[in-house]
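> Attaching a single structure in structure tokens format; questions to follow.
The values are calculated or read from the model by the stated rules, or taken from the named source; none is laboratory data. Since this is a predicted model, take the numbers as computed values, not measurements. Glycine also receives a Cβ, built like all others from the backbone with ideal geometry; neighbour counts cover every protein chain displayed.
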Amino acid sequence: MLKLSNSMAYKFPLKTKSCLLYLVLSVTAPCFASVFELTDPKLTIVGQDQQIQTVYEDTLYDLARKYSLGSEELIRVNPGIDPWLPGADKTLFVPGRHILPSGPHTGIIVNLPEHRLYYYPKVKRGQPQVVVTFPVSIGKMDWHTPIGLTHVISKIKNPSWYPPEGVRAEHAAAGDTLPQVVPPGPDNPLGAFALRLAAGNGTYLIHGTNNPIAVGLAVTHGCIRMYPEDIESLFAQVPNGTEVRIMNEPIKVAWVDGELLLEAHPPVDAEGQSYEPDVDQFAQLLRDAVGDSTVAIHWDYAEEVLRMADGRLATVGLEADLN
């Protein structure tokens, strides 16, 4: 691979020059579901970044939900802003562009470091393929979210929660006694809808929540948690048997008009916890992702993007002209 000199950094645009087709549909106030038409099979980037002005009543948690983001996604790219009291007339960056995860564009894909779910409905005759994307929470501590291929085995409306013995013991140690079963209702952490997945010798859920602020964090006991309106939308669309692929892809790359775009997120460990990225390890992942492509990478800038790992897309390389 070729390297660019530091003096060439100013030539790199921060956003791709391509204008990608993008559609935002309102599902249920106050949230926006992100639905993107993939009119070209070669499209690898969807969405649009934007800037917004706050009003006095705003919190970053409310705005994250409104713009289909996890709370940490919005907080991370707006450092120095109080998430509870940002104040009026603050300019916020709202990240809306995503590089699609690698692999086939089918079924459900959950990328753990990104804290994001992608759903590819079956293509209807005469219509382009679409992808729907939602922020999610993932497992924490010893309750790790399994990685691999599974599928939806049942759909449950108004599920009851049967806390596992380990969860009950954890709560008991903190002085909080859980019942053996929590019926549907406002105290049920599963929310109103759940998709049950096959997972080894047990089962595993994609479900709603009675604590929307936590969406986008590693706070669940292994399951995947969504905003209430998001799981309601997904529940209505996903049939039993849908393939679900859970992956750990902290960096994603895409080529657009000869530019190499990089999207980096904090990596997660075996327990689902985010940790400070090792830049050298991340750089190797970038080399692996680029493969045999002939590319000139500005490594100082790329390492800065990898170190920040805030999810914003950045142009870090150009196709090398060897003529």
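> Inside segment 253-270, can you point out the residues that are at pLDDT below 90, within 18 Å of H115 (Cβ to Cβ) and within 17 Å of the chain's Cα centre (by Cα)?
Within segment 253-270, P266, P267, V268, D269 meet the criteria.
> Among the numbered criteria (1) farther than 25 Å from W255 by Cα; (2) over 16 Å from the mean Cα position of the chain (by Cα); (3) without any contact (Cβ under 8 Å) to a residue 40 or more places away in the chain; (4) surrounded by fewer than 18 Cβ atoms within 10 Å (Cβ to Cβ), which single criterion is violated by W161?
Of (1) farther than 25 Å from W255 by Cα; (2) over 16 Å from the mean Cα position of the chain (by Cα); (3) without any contact (Cβ under 8 Å) to a residue 40 or more places away in the chain; (4) surrounded by fewer than 18 Cβ atoms within 10 Å (Cβ to Cβ), only one is false for W161: (4).
> Give just the number: which of (1) among the polar types (S, T, N, Q); (2) under 12 Å from the mean Cα position of the chain (by Cα); (3) part of a loop (DSSP other than H, G, I, E, B) does Q127 not satisfy?
Going through the list (1) among the polar types (S, T, N, Q); (2) under 12 Å from the mean Cα position of the chain (by Cα); (3) part of a loop (DSSP other than H, G, I, E, B), Q127 breaks only (2).
> Taking E263 as the residue in question, decide whether it is crowded, with 19+ Cβ neighbours inside 10 Å and part of a strand (DSSP E or B). Lay out the reasoning, then the answer.
Numbers: crowded, with 19+ Cβ neighbours inside 10 Å: yes; part of a strand (DSSP E or B): yes.
Spelling it out, E263 is indeed crowded, with 19+ Cβ neighbours inside 10 Å and part of a strand (DSSP E or B).
> Looking at segment 83-97, is at least one residue of a type in the set (V, I, T), surrounded by fewer than 19 Cβ atoms within 10 Å (Cβ to Cβ) and modelled with pLDDT under 95?
Our first condition is that a residue be of a type in the set (V, I, T); within segment 83-97, this holds for 91, 94.
Within this subset, residues satisfying the condition of being surrounded by fewer than 19 Cβ atoms within 10 Å (Cβ to Cβ) are 91.
Of the ones still in play, those that are also modelled with pLDDT under 95 are none.
No, there is no match, as no residue in segment 83-97 is of a type in the set (V, I, T), surrounded by fewer than 19 Cβ atoms within 10 Å (Cβ to Cβ) and modelled with pLDDT under 95.
> Moving on. Got a sec? Which of L74, L69, L117 is assigned to a loop (DSSP other than H, G, I, E, B) and surrounded by 20 or more Cβ atoms within 10 Å (Cβ to Cβ)?
Details: L74 fails: assigned to a loop (DSSP other than H, G, I, E, B); L117 fails: assigned to a loop (DSSP other than H, G, I, E, B).
From the options L74, L69, L117, the qualifying one is L69.
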